[in-house]
Each structure stands twice: as C-alpha cells, then as structure tokens.
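What follows is a set of notes on a single structure, which appears directly below.
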Amino acid sequence: MPNDPQRFVFVLFDGFSNMVLASALEPLRAAKGLPNGPGINWDICTIDGAPVTSSSGLTITPQSALPKISNASNVDYLVIVSGYGMRDHATAKVRARLQNAAQHARNIIGLDTAAWILGCCDMLRGRAATIHWQELDQFAEQFPDIAVSHDRFVQDGKLITSGGASTVMELMLHILAQQFGPAVAFDVSNLFVYDAENQYHLTRGADRLHGSGGDDLRRAVGAMMSSIEIPVPLADIAKKAGCSLRTLDRVFQDNLHMSPGKYYQMLRLGRARDLARATDLPLSTIALQTGFTSSATLSRAFSKTFNTTIRGIRTSRKFQ
C-alpha cells in the first residue's frame, strides 16, 4: 500500500453523466472510509472554474479551475469526465489546459466519451483506447491512429480509458486493487454490488474474484459478518464456509492477501468505528457489541489500526 495519499483530480464537462461520476467517485469515498482505509484525496474542477450541468440537468459548482490545482507534481490520476457534446468540447483552450495538466499527472483517465477529447488532444496517438459503446465506430473512424478496443476498460501506459458507468465502477475497483491491494477492492465491491451471485456467475462486475476458492471466501465473510458481536473460532468459520482451516487461510491469502483472523478483526474494528462516529455509546458498550473482551483491548487494537482513538474520532465529529 502506498505510504503517500493518492490524489485524483476530476475535470467535468457539460453533459457528463451523474452515474459515471458517481461510479468513479463513490468507490474512492468508500475505500477511504474503510477500517485502515487508504489515503485518498480528490478535487472536482472544470477547465475554467465555471459550473457544469450534467446530462440530467444537475448543476455542479467545482472547487476550482483546472490550472489552479493541476500544476502541482502530486496529481496521481487526472480524470476527465464527459458525456454528450464531447465533439464541441475540444476547443483550443481546452486542449492547451488538458495537455498542460497531463504533464503533471502520473496517470490520465478518460471516462465515458472523454477518450474523444483525449484523442483531440493527441494524447492517444499510437495507443489502445476505448469509449462509450455508442461511439466506438465513429471514434475509430475519426481517429484512425488509435487502436480502438471493445474491452470494458483499457490501460496503455499512463493513459486509461473506459466506457459507461458499469465499466467505470469496474475500472475503479481495478485501480483500488492495484494501488491498495485486493482486500480494499473486495470490501468496496461488497458495498455496491446488488446481485453478487449473478455477477459472479457472469464473471463480471465488482464482485469478481480472481483467486481460487471464491465461494469459500464469500461464505466465510458472511459468517464473520453475522458474528461480529460474539466472535467464533476460525475453525467454526471454516466449517460454515465448507472447507478446512488450512484451506480457509489459503483462500484469504490468495484473494485478499491477508489472514482470515486479520480480516475478521478488521470487520469488528470497522463496526467499532461506525459506532463511534454515529452514536454516543460508552466505550464499554462498543467493545461488547464488537466482540472485544474489554474497553482496554478495543482501545489498543483501535489505536494501532487507525492511529487515533475513539475519543479522537468523536472530538473531530463535533467540529465537522
């Protein structure tokens, strides 16, 4: 996991899709909020700082104009989001400002129809890229020097392109897994997938697991989540998952790169943090509801994991 926070700079254009923006931004928000979640920051901007209107009429006022926040050297992902009207967006000013910002970004992402704008900026010449499926044919015709792909998302060097909202969610989970490990991506996917069983059998969607024993892992995580208040031995978790304790450990290591015991504790600590943020329950009650033997045991584990205390979280909540 990177020691430094990862910074995402989103550049919105009129006609962008609310769903595409949410599919890109909400996984980052969810990952940051996980127990021991990674350091992630983001800025929302437009080319000149003016408000933009989505395809459904929602107006967003950005934090800043692109030149004011993109000239630093710590832009990890420059994320361009456009929808309808992309053919009219690539003016000389837009091209100049995006090309300048791209020089300071470690990675550049084009979502929905933004590959068209990146193509106009001459950033995709000789590279593979994709775009929203409705624009694939015209994109290939307009930019013959780009290797147009029908893949759900494409990464070619520092340039990453994706199509519509469902592919954007998949891309963001891929980035989270790359940057912060598969356990983070798995936990985030569980917050958003509405039909995990169907998605799994289709081998697509946010709930896809690449390691062996995915079914065992899902059953084990379900057993852990149902026994947060009264933790059960890992041998019992393995039995409920339908595998041996040795297999359980291998499945967690293969898929999430951590032991089942560590993951179980993270689930309980995450619940403790939620209770600390959302309630005024005493520490002893939070410890009881999350399966810790005492307030002191919870406090030690909590401080070690989050580098703060429950009191510190509650103090910061009061000033927000």
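Side notes on the structure shown:
- The selection criterion, being touching a helix residue (DSSP H, G or I) at 6+ places or on another chain (Cβ under 6 Å), open to solvent by 10 Å² or more (accessible area, probe 1.4 Å), outside any strand (DSSP E or B) and not basic (Lys, Arg), does not hold for Leu25.
- Qualifying residue in the stretch 77-92 (condition: open to solvent by 10 Å² or more (accessible area, probe 1.4 Å), over 26 Å from Arg277 (Cβ atoms), part of a strand (DSSP E or B) and at pLDDT below 95): yes
- Meets criteria (surrounded by fewer than 21 Cβ atoms within 10 Å (Cβ to Cβ) and touching a Lys or Arg at 6+ places or on another chain (Cβ under 7 Å)) for Pro51: no
- The residue of the stretch 191-235 that is modelled with the lowest pLDDT, among those that are open to solvent by 70 Å² or more (accessible area, probe 1.4 Å) and closer than 24 Å to Pro38 by Cβ, is Arg208.
- His104 satisfies every condition listed in (1) open to solvent by 30 Å² or more (accessible area, probe 1.4 Å); (2) out of contact with any Leu (no Cβ under 9 Å at 6 or more places or on another chain) except (2).
- Take the conditions (1) closer than 19 Å to Ser82 by Cα; (2) open to solvent by less than 10 Å² (accessible area, probe 1.4 Å); (3) in contact with a helix residue (DSSP H, G or I) (Cβ under 7 Å, 6 or more places away or on another chain); (4) not in a loop (DSSP other than H, G, I, E, B); Val188 misses just one of them, which is (1).
- Whichever residue in the stretch 263-306 is of a type in the set (D, E, K, R) and surrounded by 13 or more Cβ atoms within 10 Å (Cβ to Cβ) and, among such residues, is modelled with the lowest pLDDT: Arg277
- Hits in the stretch 131-170 - residues which are assigned to a helix (DSSP H, G or I), of a type in the set (A, V, I, L, M, F, W, C) and in contact with a Phe, Trp or Tyr (Cβ under 7 Å, 6 or more places away or on another chain): Phe139, Met169
- Filter result for Ala128 (of a type in the set (Gly, Ala, Ser), surrounded by fewer than 19 Cβ atoms within 10 Å (Cβ to Cβ) and within 24 Å of the chain's Cα centre (by Cα)): yes
The values are calculated or read from the model by the stated rules, or taken from the named source; none is laboratory data. Because the structure is predicted, anything quoted here is derived from the model rather than measured. Ideal geometry is used to build each Cβ from the backbone, glycine not excepted, and the neighbour counts take in all protein chains shown. Remember, those area values only see protein heavy atoms, side chains included, never the ligands or the DNA or RNA. Shrake-Rupley method; radii C 1.70, N 1.55, O 1.52, S 1.80 Å.
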